[in-house]
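Take a look at the structure set out below.
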Amino acid sequence: MITIIRDARGEIRYFVLASKEAGYIISLHKGRILSHYHFGAAFTPCAAGPVPLAPPQGFGVAEERGDTSYSLHRLAQEYPWGLGGDFRSPAFAAETPRGAPCMELAYRRHRITRSWPDLDGLPLPDPESGEEVETLELDLEDPVTGLSVTLLYTPFPTGGAFLRAARFSNGGTEPLIIRRALSFSLDLPLRGPGLEVLATEGGWARERVLERRPLGRGRLEFGSRRGVSGHGGSPALLLAEAGSGEDSGEVIGATLLYSGDWIMAVERAEDETVRFQGGLHPELFAWHLLPGETFASPAALLAHSTVGLGGISEVFHRAARRLMPASWRDRERPVLLNSWEACYFDYDEKRLLELARGAKELGAELFVLDDGWFGRRDNDCSSLGDWRANPRKIPGGLGTLADKVRALGLGFGLWIEPEAVSPDSDLFRTHPDWALALPGREPAEGRNQFILDLSRPEVAAFIENAVRSVLAEAKPDYVKWDMNRPFSRSGGVSMQGELRHRYLLALYGILRRITRDHPETLFEGCAGGGGRMDFGMIPFFPQFWASDNTDAAFRASIQHASSLLFPPAALGAHISASPNHQTGRHASLASRALCAFGGSLGLELDPERMSKEDQRKTREFVERYKARRALIQFGKQRRLLSPYEGGDAAFASVAQDRSRAFAVWLRLRALPNPAPVALRIPGLEDRAVYRVSTQDIGGFQPFEATGSELSSRGILFAPPLGEDPAAASFDIERLSA
Ligand code: GLA
């Protein structure tokens, strides 16, 4: 909901936005200065409320001649500009070709529209009939250069969150160069000492290593310069009240609906105000805006919760579900078996069909043919770009293979990496200039491949057609869309500072058209694991391959950090072989399986190399998963124990109607002579009685307890012995209301 509050003279005082329990309030000062007033629990300010607090400071600057009552450095702002008396980081920077800066943005007018903002094809939720959405548009103008910036705010319909973005228009007579165009800037008053920052960093196979630290003075910045959002994590940052836990404390979070270079930064100034910003990474970015042109920043999603990290995750999970394509939002994901770790590049049709038969025996519902089916690809050195099946491996072509797999009672899925080209490929031999490269310099290979210049319309058209013809032939039920290298030495037909953004605009267009035309196909996003797993991709990829690392002892922490933003249905999680292919670690089947129960289950196994006993147990786990699938994928997922804070990880799914829950516990570091463990299950109905049982611990006596007992005392159990990692799961069923 959006309301405007005016004073007794009819002048606008506040723009008030509410997204269920969360509120965002902007105040208008002197009729032209936008000042941030509040982001947090929703309330309605009084028309005769306080004027913004911005006392002048020693060694400071009075912004206006004749008015020493305020300084911009002390004012909480909505979209700060640089080169004035605010010495913190600005939200944007732009200039004329002769270097005259754009600044002094002043409020001019506003509009409220009944739609999502228009962001030139950048990711947004699909508009839906019947849904009430409002967007507040605030126009700001620099009278000297003619730059105008429209700030866009949309209360997110799933609650607790707001979408923010900025649109730049050149209303002047000279071209402008935009060097910085953040999606949001949020000034939190006097919050410095009590805040902690939660952010992730990481790399391939060690995605999203979570770190929580007190917010020190100065500026702390995270981001990606890789051209993809990166294995370090999504463009996101959380600010939590010190000491807040899963169920308590105020938490603010932001993430971008964007998949390329990004920053998230937080700046604690000397007066304890905190500036929180995020958007396009400004370093490699420069956009030329001709008179009359506009440029839209990616959208940011700002989330708020007063009930801790669990609360903010729920806000993000609901928003993520809303962002998914409608056909997959509430649809159970199939249990799949992926061929990659079973046979890598080494297979023929006979081998694939044996693998598919084995997959069926293990209870899988879909068989995924991973890398290696096209061109002459027998290793990762060739053929990307030549998207025709290799007749030696698949003589009858993809369509025939898919039919044979379907005849076994399985869905058919396919891997593809459309944005890449191998130097050893027919495509590259025909169009060497289609690969990103800097003129006069040697291009750099990453995983022996180049990236195609999607910013060229003919290249984008080639990619779209290539994918469409593969889809037409194989009619896959599932597609794993991969992207296996970062950008480097990348140049193309677009200007350097525009290239990466133009690449993404083209990619989003291709993905939007293809996924809309194939709503029944489940598209899983992958970039060497979780290298491009972000809210910008969710509208096309309702599921991600979170990491190539399936070693439960590590994977548990990747899933823990991923779950801060992503709901379980969005995370592909596979049971893989022991010893693990990435770490060489031996792990119990129970731990590998139950860890994978934290997301959408898949198998990365070769049944032929498994003992009969492991096959039987795996089949049992798959059946157990299927019986709880709706609960796991669409229940409220809660983190119970953090793998970052000890040797145990635990998580639970609680049904939306609280009638049941399912909890998983993993002991990642074996302990001799272990003490009993207590697993507290939040979110059940306090007075209802539940029955607790397990299939994983011999001798465990099922018992009954109320919801409040389970959330305060918890389930106490003696850890199972003899398996490493030890693992157990618990079913919690409501008996009475
Ligand atoms: C990436 C993916 C893997 C697999 C390989 C195939 O690394 O993350 O799961 O698909 O590519 O080359």
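The values are calculated or read from the model by the stated rules, or taken from the named source; none is laboratory data. Keep in mind it's a predicted model, so treat the numbers as computed, not measured. A quick note on method: Cβ atoms are made from the backbone with ideal geometry, for glycine too, and the neighbour counts reach across all protein chains shown. In case anyone asks, the SASA skips ligands and DNA or RNA and just uses the protein heavy atoms, side chains included. Shrake-Rupley method; radii C 1.70, N 1.55, O 1.52, S 1.80 Å.
It is to be established whether one or more residues within the stretch 646-658 are open to solvent by 70 Å² or more (accessible area, probe 1.4 Å), assigned to a loop (DSSP other than H, G, I, E, B) and touching an Asp or Glu at 6+ places or on another chain (Cβ under 8 Å). Even if it seems obvious, please write down each step before you answer.
Filtering the stretch 646-658 for residues open to solvent by 70 Å² or more (accessible area, probe 1.4 Å) gives 656-658.
Narrowing further to those that are assigned to a loop (DSSP other than H, G, I, E, B): 656-658.
Still in the running and touching an Asp or Glu at 6+ places or on another chain (Cβ under 8 Å): 658.
The answer is yes, given that some residue of the stretch 646-658 is open to solvent by 70 Å² or more (accessible area, probe 1.4 Å), assigned to a loop (DSSP other than H, G, I, E, B) and touching an Asp or Glu at 6+ places or on another chain (Cβ under 8 Å).
Of everything in the stretch 541-566, what is open to solvent by less than 10 Å² (accessible area, probe 1.4 Å), assigned to a loop (DSSP other than H, G, I, E, B) and more than 25 Å from R619 (Cα to Cα)? Give them in sequence order.
Hits for the stretch 541-566 are F541, P542, S563, F566.
Have a look at P672, P682, P702 and point out the one that is more than 27 Å from F634 (Cβ to Cβ) and of a type outside the set (A, V, I, L, M). Please lay out each step first, then the result.
Working: P682 fails: more than 27 Å from F634 (Cβ to Cβ); P702 fails: more than 27 Å from F634 (Cβ to Cβ).
The conditions single out P672.
Inside the stretch 158-178, can you point out the residues that are over 21 Å from L323 (Cβ atoms) and surrounded by 18 or more Cβ atoms within 10 Å (Cβ to Cβ)? Before you say what the answer is, go through the steps one by one.
Taking the stretch 158-178 first, the residues over 21 Å from L323 (Cβ atoms) are 168-178.
Hits for the stretch 158-178 are F168, S169, N170, G172, L176, I178.
Okay, residues lined up against (1) under 14 Å from L564 (Cβ atoms); (2) open to solvent by less than 20 Å² (accessible area, probe 1.4 Å); (3) assigned by TED's automatic domain parsing to the domain that holds N549:
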position: E211; (1), (2), (3): yes, no, no
position: R217; (1), (2), (3): no, no, no
position: R226; (1), (2), (3): no, no, no
position: G233; (1), (2), (3): yes, yes, no
position: G243; (1), (2), (3): no, no, no
position: E246; (1), (2), (3): yes, no, no
position: E250; (1), (2), (3): no, no, no
position: G253; (1), (2), (3): yes, yes, no
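Condition test on A570, is it in contact with a Ser or Thr (Cβ under 7 Å, 6 or more places away or on another chain), more than 15 Å from the ligand (Cβ to nearest atom) and either of a type outside the set (D, E, K, R) or modelled with pLDDT of 95 or more (or both)? It would help to see each step written out before you state the result.
Values: in contact with a Ser or Thr (Cβ under 7 Å, 6 or more places away or on another chain): no; more than 15 Å from the ligand (Cβ to nearest atom): yes; either of a type outside the set (D, E, K, R) or modelled with pLDDT of 95 or more (or both): yes.
In short, no.
Could you tell me whether E620 is surrounded by fewer than 20 Cβ atoms within 10 Å (Cβ to Cβ) and without any contact (Cβ under 8 Å) to a residue 12 or more places away in the chain?
It is true that E620 is surrounded by fewer than 20 Cβ atoms within 10 Å (Cβ to Cβ) and without any contact (Cβ under 8 Å) to a residue 12 or more places away in the chain.
Modelled with pLDDT of 95 or more, more than 25 Å from F544 (Cα to Cα) and not aromatic (F, W, Y): which single residue out of R321, R376 fits that description?
Numbers: R321 fails: more than 25 Å from F544 (Cα to Cα).
The unique qualifying residue is R376.
Note down all Cβ pairs under 9 Å where the first residue falls in the stretch 536-549 and is in the same structural domain as L571 (by TED's automatic domain parsing), the second is within 16 Å of the ligand (Cβ to nearest atom) and among the β-branched types (V, I, T), and they're at least six residues apart or on different chains.
Taking only residues 6 or more apart or on different chains, the pairs are A546/I558; S547/I558; N549/I558; N549/T583.
Would you check if R638 is within 28 Å of the chain's Cα centre (by Cα) and assigned to a strand (DSSP E or B)?
Details: within 28 Å of the chain's Cα centre (by Cα): yes; assigned to a strand (DSSP E or B): yes.
Judged against the criteria, R638 is a match.
Being buried (at least 18 other Cβ atoms within 10 Å of the Cβ) and either aromatic (F, W, Y) or closer than 29 Å to P542 by Cβ (or both) is the filter; apply it to the stretch 433-453 and report the residue that is nearest to the ligand (Cβ to nearest atom).
If we filter the stretch 433-453 for residues that are buried (at least 18 other Cβ atoms within 10 Å of the Cβ), which is where we start, we get 434-437, 449-453.
After this cut, where a residue has to be either aromatic (F, W, Y) or closer than 29 Å to P542 by Cβ (or both) as well, the list is 434, 436, 449-453.
On the way: W434: 21, L436: 20, Q449: 10, F450: 16, I451: 15, L452: 17, D453: 22 Å.
Residue satisfying both the conditions and the ranking: Q449.
Output the residues belonging to the stretch 511-531 that are among the polar types (S, T, N, Q) and either near the ligand (Cβ under 10 Å from one of its atoms) or within 20 Å of the chain's Cα centre (by Cα) (or both). Walk me through it before giving the result.
First, the residues of the stretch 511-531 that are among the polar types (S, T, N, Q): 515, 521.
Hit for the stretch 511-531 is T515, nothing else.
Can you give me the number of residues within the stretch 364-397 that are within 12 Å of the ligand (Cβ to nearest atom) and within 24 Å of F523 (Cβ to Cβ)?
Number of matching residues: 11.
Name the residues in the stretch 454-476 that are of a type in the set (S, T, Y) and buried (at least 19 other Cβ atoms within 10 Å of the Cβ), would you?
Of all residues in the stretch 454-476, those of a type in the set (S, T, Y) come to 455, 469.
Listed by number, the list holds a single entry, S455.
Looking at E293, E314, E272, which is the one that is under 25 Å from R164 (Cα atoms), in the same structural domain as A161 (by TED's automatic domain parsing), open to solvent by 30 Å² or more (accessible area, probe 1.4 Å) and at pLDDT below 95?
E272
Condition check: surrounded by fewer than 16 Cβ atoms within 10 Å (Cβ to Cβ) and either in a strand (DSSP E or B) or not hydroxyl-bearing (S, T, Y) (or both). Does T44 satisfy that? Quick ask: steps written out before the conclusion?
Working: surrounded by fewer than 16 Cβ atoms within 10 Å (Cβ to Cβ): yes; either in a strand (DSSP E or B) or not hydroxyl-bearing (S, T, Y) (or both): no.
Answer is no for this residue.
I'd like to check which strands (runs of 3 or more DSSP E) are fully inside the stretch 672-723 and have at least 1 residues that are over 22 Å from A552 (Cα atoms) and open to solvent by 60 Å² or more (accessible area, probe 1.4 Å). Give the derivation first.
Numbers: elements: 677-679, 689-693, 703-706, 715-717.
Ranges flagged: 689-693, 703-706, 715-717.
Picking from G446, G409, which residue would you name as being over 28 Å from K475 (Cβ atoms), of a type in the set (G, A, S) and out of contact with any strand residue (DSSP E or B) (no Cβ under 6 Å at 6 or more places or on another chain)? Steps first, answer last, please.
Values: G409 fails: over 28 Å from K475 (Cβ atoms).
Within the list G446, G409, the selection yields G446.
Run R485 past the list (1) assigned to a helix (DSSP H, G or I); (2) more than 14 Å from P123 (Cβ to Cβ); (3) open to solvent by 10 Å² or more (accessible area, probe 1.4 Å) and report the number of the one that doesn't hold.
R485 satisfies all of (1) assigned to a helix (DSSP H, G or I); (2) more than 14 Å from P123 (Cβ to Cβ); (3) open to solvent by 10 Å² or more (accessible area, probe 1.4 Å) except (1).
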